[in-house]
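**Q** First the structure, which I've put down as structure tokens, then a few questions once you've had a look.
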Amino acid sequence: MIELYPLTPAFLEALLDGRREEAATLLGAELPDEFPRDGERRFLTLRLRQMREDARFEDWSPFAVVLDGRMIGHAGYHGPPGVNTKKTPDAVEIGYTIEPEYRRRGFATAAASELIRRAEERGIQHVIACSSPGNEPSLAIIRGLGFSQTGEAMDEEDGLELVFERT
């Protein structure tokens, strides 16, 4: 099954500097050929900046989703408790993406479940997840994990998103 490996600042620096071989070694897994794409590059640059500015972000770092020694996606928290769409102080927000050739095999559900488990292990009982209204696979994952829609939000990059919560 999948494993989650932390995307450390050292890994992110190597990856974003184009040192893919070093990044793969630091991660301990083979990287996808197209990783990181433009949107992912912006996302990972943001996460690296956040980790440098606030050590709490390292404790709630993103993870590589790894299957048989190969990174097949990434998943994680938007940040420490309180850094979420609703700005709820005791909640974390999760997100995930799986490489196209690995989709529809349960890997995103497994990654999201593991993020929820790890949050609960750390005393967090309130989890938020957002998805665009047209992303039926993601909506099915979120609903299948027991989330209920509680509203909508406008994301700067992704536009309208449906907000789901699980407590």
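**Q** Among the residues that make up the stretch 131-143, is at least one of them on the phi > 0 side of the Ramachandran plot and not basic (Lys, Arg)?
**A** Going through the stretch 131-143, the residues on the phi > 0 side of the Ramachandran plot turn out to be none.
Scanning the stretch 131-143, I find no residue that is on the phi > 0 side of the Ramachandran plot and not basic (Lys, Arg), so the answer is no.
This table checks each residue for (1) closer than 29 Å to residue 123 by Cβ; (2) outside any loop (DSSP other than H, G, I, E, B); (3) touching a His at 6+ places or on another chain (Cβ under 9 Å); (4) free of Cβ contacts under 8 Å to residues at least 24 places away in the same chain.
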| residue | (1), (2), (3), (4) |
| --- | --- |
| 35 | no, no, yes, no |
| 40 | no, yes, yes, no |
| 45 | no, yes, no, no |
| 50 | yes, yes, no, no |
| 58 | yes, yes, no, no |
| 73 | yes, yes, no, no |
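**Q** Among the listed residues 69, 79, which satisfies the condition of being on the phi > 0 side of the Ramachandran plot and over 14 Å from the mean Cα position of the chain (by Cα)? Write out each step before concluding.
**A** Values: 79 fails: over 14 Å from the mean Cα position of the chain (by Cα).
Testing whether each residue is on the phi > 0 side of the Ramachandran plot and over 14 Å from the mean Cα position of the chain (by Cα) leaves just 69.
**Q** In the stretch 1-55, what residues are touching a helix residue (DSSP H, G or I) at 6+ places or on another chain (Cβ under 7 Å), of a type in the set (Asp, Glu) and under 18 Å from residue 98 (Cβ atoms)?
**A** Once the filter is applied, which keeps residues that are touching a helix residue (DSSP H, G or I) at 6+ places or on another chain (Cβ under 7 Å), of a type in the set (Asp, Glu) and under 18 Å from residue 98 (Cβ atoms), the stretch 1-55 yields only 30.
**Q** Considering (1) crowded, with 20+ Cβ neighbours inside 10 Å; (2) among the charged types (D, E, K, R); (3) in contact with a Lys or Arg (Cβ under 6 Å, 6 or more places away or on another chain), say which one residue 47 fails and leave the rest.
**A** In the conditions (1) crowded, with 20+ Cβ neighbours inside 10 Å; (2) among the charged types (D, E, K, R); (3) in contact with a Lys or Arg (Cβ under 6 Å, 6 or more places away or on another chain), residue 47 misses (3) alone.
**Q** For the stretch 16-26, check the following and say yes or no: at least one residue is farther than 25 Å from residue 145 by Cα, surrounded by 21 or more Cβ atoms within 10 Å (Cβ to Cβ), of a type in the set (A, V, I, L, M) and at pLDDT 95 or above.
**A** yes
**Q** Name the residue, out of 117, 104, that is loosely packed, with under 13 Cβ neighbours inside 10 Å, of a type in the set (Lys, Arg) and under 25 Å from residue 80 (Cβ atoms). Reasoning before the result, please.
**A** Values: 104 fails: under 25 Å from residue 80 (Cβ atoms).
Residue meeting the stated conditions: 117.
**Q** Right, next: Where the second residue is modelled with pLDDT of 95 or more and in a helix (DSSP H, G or I) and the first is acidic (Asp, Glu) and exposed (fewer than 11 other Cβ atoms within 10 Å of the Cβ) and lies in the stretch 133-160, which pairs have Cβ atoms under 7 Å and are six or more apart or on separate chains?
**A** Cβ pairs passing all conditions: none.
**Q** Next up: Among the residues that make up the stretch 89-96, is at least one of them modelled with pLDDT of 95 or more, buried (at least 21 other Cβ atoms within 10 Å of the Cβ) and farther than 20 Å from residue 153 by Cα?
**A** No - not one qualifying residue is present in the stretch 89-96.
The values are calculated or read from the model by the stated rules, or taken from the named source; none is laboratory data. Computed from a predicted structure; not experimentally measured. Backbone-built Cβ (ideal geometry, glycine too); neighbour counts: all protein chains shown.
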